[in-house]
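Where a number appears in this text, it was derived from the coordinates with a stated rule and is not lab data. This structure is a prediction, so every number in the text was calculated from the model and none was measured. As a convention, Cβ positions derive from the backbone with ideal geometry for all residues, glycine included, and neighbour counts pool all protein chains shown.
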Amino acid sequence: MKKFRFSRKQLVIPYAIFLILFVLLPLLLIVYYAFTNSEGHLSFVNFINFFKDSTKLNTLAISIVIGALNTILCLLIGYPIAYLLANKKYNSNKVIVMLFVMPMWINFVLRTAATRDLLSAIGIKGGTMPYVAVMIGMVYNYLPFVILPLYTTMLKMDKSVIEAASDLGAKPYQVFIKAIIPMSMPGVISAATMVFMPTMSSFVISDILGERKIQLLGNLIDLNFNHSLWNNGSTIALIMLVIIGISMLLTKNVKKEPASRGGGVW
Amino acid sequence: MKKPFCLLGCLLFSSISLVGCSSKTKQDDNVLRIYNWQDYIFEGDDENDSVIEQFKEYYKEKHDGKEIKVEYYTFETNENMLNVLNTGKSQYDLICPSDYTIQKMIKDGLVEPIIDPTTPEDKIEEEMTKKLPNYTSISPYIRELFETSLTKNKQGEDVSWASYSIPYMWGTMGFMYDPNQVDEEDIKSWSVVWDKKYKYKATLKDSVRDTYCACVFYVYQDELNELSAKLESKEITESQYTAKITEIMNRKDKATIKKVEKALQEAKENIYGFEVDSGKSDIVTGKIAINFCWSGDAVYSMDTAEEENDTYLNYVVPKEGSNIWFDGWVLGKNANKELAYEFLNFLCDPRIASLNMNEIGYTSSVAGNEILDMVKEWYESEEITEDSYAVDLSWFFGDTVEEGEAIIYTDELDRQFSAQYPDYETVIRCAIMEDFGKENTAILEMWSRAKSESHSLWAWIVIILSIVAAVAFVCISKANRHVRTKRVANKNKLNQTN
């Protein structure tokens, strides 16, 4: 018998077990339930139901819009902040970065419950304007996920390129559009993927801040699973998975573009 | 195509059941596994041990020092509990679901009978007392209700609830409200939720079963009002009245579902929101003024409001009728019957019941002197004057206390006392909820339809526009680049020729 020899490959075993038990198996179960009917026979009835049901499609549309809106708002707010933070002049000791990340250390449900009280104290009640309250809560919760990746990409940005651009006569806005944005694009994309999908599938924020008047895909999945309609719930989950896949593929293509343009500068 | 999928499924299931099995030890005679709602039992204080500990002691004394183990698990909603029972290999000896879930579990064969389900109605009490000597300390009204309410079992036979389940706690559903903001006359009807006067002031439950009932009462309010007029003019008897309300409340035909959907959509525009747990604190802080709630939660909120804000809330059961609910203990499949019976009997002991009731704020199904004394101590006026209201609770306590004892004089109505012990007029207009059964999927679809955004065309327009814009942007930038590269190439060529 061959003697057991420890090699670097074995280090992967713990994670492989984790991967199989908690990632692969649940995923396969979802696929199994999505493609079977309530009697356990193979069928596409769940998918047909999904695309025939205007409620589910409308929920999908609303979720996509809220997800996209949240991504755009987070980017609009987060981008300038990340730019300032990456500048050593304003952030010499990294304390401000800490301040922006700190909300993430507090439990998410607790934070949202506190947001609810805070919002209703300043007059934005979830009962009267659920969409406004939910959007504020979403932006608040996902802003750190935008700032962090943007901040790290901007730290690595080549300052000489920016200097060169202005030396060669580019106006400040041209420098921004032609030099800074292309260089920070990888950060923008990873920020967007970290915000868009979680927003669509989140149900805690929409439940707590929207006083359960807003139904996102996450709420729909929750409802179906809670009432033992696992096949329906799995189908919706799988459809969301496909949407993630598509959006990942799309962003991959976008990522390549600046690179093909000669370093993404000109 | 079919086979590999099935095989995959089998593999997955077997691996999961393997995991499930290994965590569970083999059937042990000395272990009692209880599956109960969260915070639904007395957990001990400075003076008394928890009910579980007391039971262990009691059992040890009774059986010559035989030690037992109690494993206590909790769940949050009936639906969650059913999910756990359906998935896991986890097995429980005693489970405490609500009325409509008990029905469903009996129908699905998830529970074992306590006594032979074919026992005729007049023999049930005798059989029960043999198994649980304390059975007769349960309120005679509730006992009768459980003995006479029939449901279908897995074989399709009509069986009485009593043969499967022991009542534990009960209560009504109604409105808790802030009397400073809400008119007393308005709150007596379900239509208050749809009343524009109270826009953004009320909440409904984010639970399909309960809010469906509220909508049904609103939709059929004319019919229900006629019914109560008939009762007043003695055209129908009380039991006919209750039976008719039960029929109306449990309607689930297509027309009703449609009406409920419309009502629900209107309600959604008018209410503050749906909630499961936040309502009972929101009404204390004043975010809302009307909360559709369970009587036990109402007691909790009234207590908190008094202590923290020095405000007084009221509870009322609408005049059209409402739901009376029960949580009862059932035996899980292959339950350890000997221990389960002992524990049920222990719970029916009025002393233990009063401990439980004191802790959780809901009303115990157990009657008897201990309970009556406790209720009197809590609620009876210190001085009985002309202004005191006399509330006759003999419908509940029946023969478990001396005749004429069960009249309580109280200073205030529509408060904690009325929430815990409604008077007879209120109880007869309360009906028991039935399981949706086959209609479950249709009603769930209606629910998510009503709750989803009705004006979502704009969302589609936004999506399509942005897709078009993205495609256009990509095309234009590609075209631009193409032109540019061509231009550069031309220039290069020119340079070369020069």
Checklist outcome for this item: Exactly one of A:Ile48, A:Ile64, A:Ile77 is surrounded by fewer than 17 Cβ atoms within 10 Å (Cβ to Cβ) and within 16 Å of the chain's Cα centre (by Cα), and that one is A:Ile77
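Every residue, every condition in (1) more than 23 Å from B:Asp435 (Cβ to Cβ); (2) touching a helix residue (DSSP H, G or I) at 6+ places or on another chain (Cβ under 6 Å); (3) free of Cβ contacts under 8 Å to residues at least 12 places away in the same chain, yes or no:
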| site | (1), (2), (3) |
| --- | --- |
| B:Tyr92 | no, no, no |
| B:Pro97 | no, yes, no |
| B:Thr101 | no, yes, no |
| B:Met105 | no, no, no |
| B:Met128 | yes, yes, no |
| B:Asn134 | yes, yes, no |
| B:Ser137 | yes, yes, no |
| B:Ile142 | no, no, no |
Checklist outcome for this item: Of those in region B:43-56 that are of a type in the set (D, E, K, R) and closer than 14 Å to B:Val31 by Cα, the residue surrounded by the most Cβ atoms within 10 Å (Cβ to Cβ) is B:Lys56
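Is it the case, given these coordinates, that B:Val468 is farther than 19 Å from A:Ile62 by Cβ, more than 11 Å from every other protein chain (Cβ to nearest Cβ) and out of contact with any Ser or Thr (no Cβ under 7 Å at 6 or more places or on another chain)?
On the way: farther than 19 Å from A:Ile62 by Cβ: yes; more than 11 Å from every other protein chain (Cβ to nearest Cβ): yes; out of contact with any Ser or Thr (no Cβ under 7 Å at 6 or more places or on another chain): yes.
Spelling it out, B:Val468 is indeed farther than 19 Å from A:Ile62 by Cβ, more than 11 Å from every other protein chain (Cβ to nearest Cβ) and out of contact with any Ser or Thr (no Cβ under 7 Å at 6 or more places or on another chain).
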Checklist entry - B:Ile187 fails exactly one of the following numbered conditions: (1) in contact with a helix residue (DSSP H, G or I) (Cβ under 7 Å, 6 or more places away or on another chain); (2) touching a residue at least 40 places away in the same chain (Cβ under 8 Å). What is the number of that condition? => result (1)
Next on the checklist: Of the conditions (1) surrounded by fewer than 18 Cβ atoms within 10 Å (Cβ to Cβ); (2) in a helix (DSSP H, G or I), B:Asp116 satisfies every one except a single condition; which number is it?
Outcome noted: (2)
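Quick check: anything in region B:47-61 in contact (Cβ under 8 Å) with a residue 60 or more places away in the chain and assigned to a loop (DSSP other than H, G, I, E, B)? Walk me through it before giving the result.
Step one: of region B:47-61, the residues in contact (Cβ under 8 Å) with a residue 60 or more places away in the chain are B:48, B:51, B:54-55, B:58-59.
Of the ones still in play, those that are also assigned to a loop (DSSP other than H, G, I, E, B) are B:48.
Yes, region B:47-61 has at least one match.
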Item to check | Counted residues, region A:44-54 - those being assigned to a helix (DSSP H, G or I) and facing chain B (nearest Cβ under 10 Å) | outcome: 2
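Can you tell me which residue within region B:306-324, out of those that are over 22 Å from B:Asp222 (Cβ atoms) and of a type outside the set (Asp, Glu), is surrounded by the most Cβ atoms within 10 Å (Cβ to Cβ)?
The extreme case among them is B:Tyr315.
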Checklist entry - Taking region B:172-184 on its own, how many of its residues are among the polar types (S, T, N, Q) and either over 23 Å from B:Cys430 (Cα atoms) or assigned to a loop (DSSP other than H, G, I, E, B) (or both)? => result 2
Checklist entry - Can you tell me which residue in region B:282-325 is farthest from the chain's Cα centre (by Cα), limited to those that are farther than 30 Å from B:Gln240 by Cα and of a type in the set (Ser, Thr, Tyr)? => result B:Thr311
Checklist entry - Looking only at residues in region B:185-200 that are within 15 Å of B:Lys268 (Cα to Cα) and assigned to a loop (DSSP other than H, G, I, E, B), which one is nearest to the other protein chains (Cβ to nearest Cβ)? => result B:Tyr200
Checklist outcome for this item: Of the residues in region B:222-246, those that are touching a residue at least 24 places away in the same chain (Cβ under 8 Å) and under 23 Å from the mean Cα position of the chain (by Cα) come to B:Thr242, B:Ile245, B:Thr246
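List the helices (runs of 4 or more DSSP H) inside region B:385-452, counting only whole elements, that have at least 1 residues being surrounded by fewer than 19 Cβ atoms within 10 Å (Cβ to Cβ) and within 14 Å of chain A (Cβ to nearest Cβ).
Numbers: elements: B:394-397, B:416-420, B:424-428, B:440-451.
Hits in region B:385-452: B:440-451.
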Next on the checklist: Return the residues of region A:4-43 that are within 14 Å of chain B (Cβ to nearest Cβ) and surrounded by fewer than 10 Cβ atoms within 10 Å (Cβ to Cβ); say none if nothing qualifies.
Outcome noted: A:Glu39
Next on the checklist: Considering only region B:357-374, I want to know if a residue exists there that is of a type in the set (Gly, Ala, Ser), part of a helix (DSSP H, G or I) and more than 23 Å from the chain's Cα centre (by Cα).
Outcome noted: no
Checklist outcome for this item: Condition set of a type outside the set (Gly, Ala, Ser) and surrounded by fewer than 18 Cβ atoms within 10 Å (Cβ to Cβ), scope region B:80-100, selection nearest to B:Leu347 (Cα to Cα): answer is B:Gln91
Item to check | Whichever residue in region A:112-127 is part of a helix (DSSP H, G or I) and touching a Gly at 6+ places or on another chain (Cβ under 9 Å) and, among such residues, is nearest to the other protein chains (Cβ to nearest Cβ) | outcome: A:Ser120
Checklist entry - Where in region B:230-328 are there helices (runs of 4 or more DSSP H), lying fully within it, with 2 or more residues that are within 14 Å of chain A (Cβ to nearest Cβ) and closer than 30 Å to A:Thr112 by Cα? => result B:254-270, B:279-285
Checklist entry - Could we say that B:Tyr300 is surrounded by fewer than 24 Cβ atoms within 10 Å (Cβ to Cβ) and of a type in the set (Phe, Trp, Tyr) here? => result yes
Checklist outcome for this item: The lone condition B:Met176 fails out of (1) surrounded by 22 or more Cβ atoms within 10 Å (Cβ to Cβ); (2) farther than 17 Å from B:Ile288 by Cα is (2)
Item to check | Whichever residue in region B:453-465 is more than 7 Å from chain A (Cβ to nearest Cβ) and assigned to a helix (DSSP H, G or I) and, among such residues, is farthest from B:Ala255 (Cα to Cα) | outcome: B:Leu465
Item to check | Residues of region A:213-223 classified as surrounded by 22 or more Cβ atoms within 10 Å (Cβ to Cβ) and more than 7 Å from every other protein chain (Cβ to nearest Cβ), total | outcome: 5
Checklist outcome for this item: All-but-one check, A:Leu57 against (1) over 25 Å from the mean Cα position of the chain (by Cα); (2) facing chain B (nearest Cβ under 10 Å); (3) surrounded by fewer than 18 Cβ atoms within 10 Å (Cβ to Cβ), failing number (1)
Checklist entry - Does region B:355-369 contain any residue that is surrounded by fewer than 19 Cβ atoms within 10 Å (Cβ to Cβ) and over 30 Å from B:Tyr92 (Cα atoms)? => result yes
Checklist entry - Can you find even one residue in region A:141-154 that is buried (at least 17 other Cβ atoms within 10 Å of the Cβ), closer than 22 Å to A:Asn87 by Cβ and among the aromatic types (Phe, Trp, Tyr)? => result yes
